[in-house]
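To start, the structure under review is shown below, and the notes come after it.
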Amino acid sequence: MKFFLDTANLDELKKGAAWGIVDGVTTNPTLIAREGREIEEQIRLICDIVNGDISAEVVSTKAPEMIKEGRELSKIHKNVVVKCPLTREGIMATSALSREGIRVNVTLCFSPSQALIAAKAGAYIISPFVGRIDDISWHGMDVVRNIVQIYRNYGFKTKVLAASLRSPTHVVESALAGADIATMPFKVLDELFNHPLTDKGQEQFLRDWAKVFQEARG
Ligand code: G3P
């Protein structure tokens, strides 16, 4: 399973990249706007930090403009994956860009039927939003599970990227569901490390070691 960071913040990306466990980055208009730079510059800076798929989202709403914008975004760096929303216009743009060999991450997916459409349009990635489905009292992870099963049934190559993950449990459940990629905020990546028995065990190892090898020399 690949781990992507769902952030455009360079400090967070540098910290995550230093651990050697970040395979890519997802951004969206909200995350890019938060950093205050033009998208081209921000994506270029991100590509300098993480060597992997970097999703950059179009903000046009009509297919011809989305296609134009997608082509421009794809020129920023070879690792850029163009993100299109799962609207009728977005799917039209996804089909066109995919036929040109531009990789598309279809975003704002909330159902298996939408995921089927994205796969048929040739999407490189489908992004079901787990947390936002949970937010409306439905089961976000069931959507991921169903998409994985449907893609397996028909051998679709589209990768399943579990997005809108809010907790370490979401990441583990995405792995159990068979998602190819989990994208998460830096906070969630950091929380994946935590276990009280690791902290307790480490403290004890170092205490025992110090008793013999440091206090003795003391
Ligand atoms: O990439 C999509 C993801 O960022 C959405 O997450 O937490 O805003 O639902 P969230």
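Values quoted throughout were computed directly from the atomic coordinates according to the rules given, and no laboratory measurement underlies them. On a predicted model such as this, the values are computed, not experimentally measured, just so you know. We place every Cβ from the backbone using ideal geometry, glycine too, and count neighbours over all the protein chains shown.
Determine the relative contact order of region 2-217: mean sequence separation of Cα pairs under 8 Å and six or more apart, normalised by residue count, in whole percent.
The value is 16 percent.
Please say if region 1-158 is rounded, prolate or oblate, where rounded means a/c under 1.5 for a ≥ b ≥ c the square roots of the C-alpha gyration tensor eigenvalues, and otherwise the choice is prolate for a/b larger than b/c and oblate otherwise? Please report the intermediate quantities before stating the final value.
Details: a/c = 1.62, a/b = 1.22, b/c = 1.33.
It comes out oblate by the Cα gyration axes.
Taking trypsin sites (Lys or Arg not before Pro) as exposed when DSSP calls them loop (any state but H, G, I, E, B) and at most 16 other Cβ atoms lie within 10 Å, what is the longest stretch of the chain free of them, the sites themselves excluded? Walk me through the numbers before you get to the answer.
Details: sites that count: ARG37, LYS62, LYS75, LYS78, LYS157, ARG217.
Free of exposed loop sites, the longest segment is 79-156.
Just how large is the dipole of the chain about the Cα centre, in debye to the nearest 20, putting +1 at every Lys and Arg Cβ and -1 at every Asp and Glu Cβ?
For the chain, the charge dipole is close to 580 debye.
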Taking chymotrypsin sites (Phe, Trp or Tyr not before Pro) as exposed when DSSP calls them loop (any state but H, G, I, E, B) and at most 14 other Cβ atoms lie within 10 Å, what is the longest stretch of the chain free of them, the sites themselves excluded? 20-137
Can you run phi through the Karplus equation (6.51, -1.76, 1.60; θ = phi - 60°) for region 106-118 and list ³J(HN,Hα) in whole Hz, with x for Gly and Pro? 8, 10, 6, 9, 10, 8, x, 5, 5, 5, 5, 4, 4
So which GluC sites (Glu not before Pro) in region 5-58 are both in a DSSP loop and have at most 13 other Cβ atoms within 10 Å of their Cβ? GLU38
List the lysines whose alpha-carbon lies under 17 Å from that of LYS62, not counting same-chain residues fewer than 8 positions away? LYS83
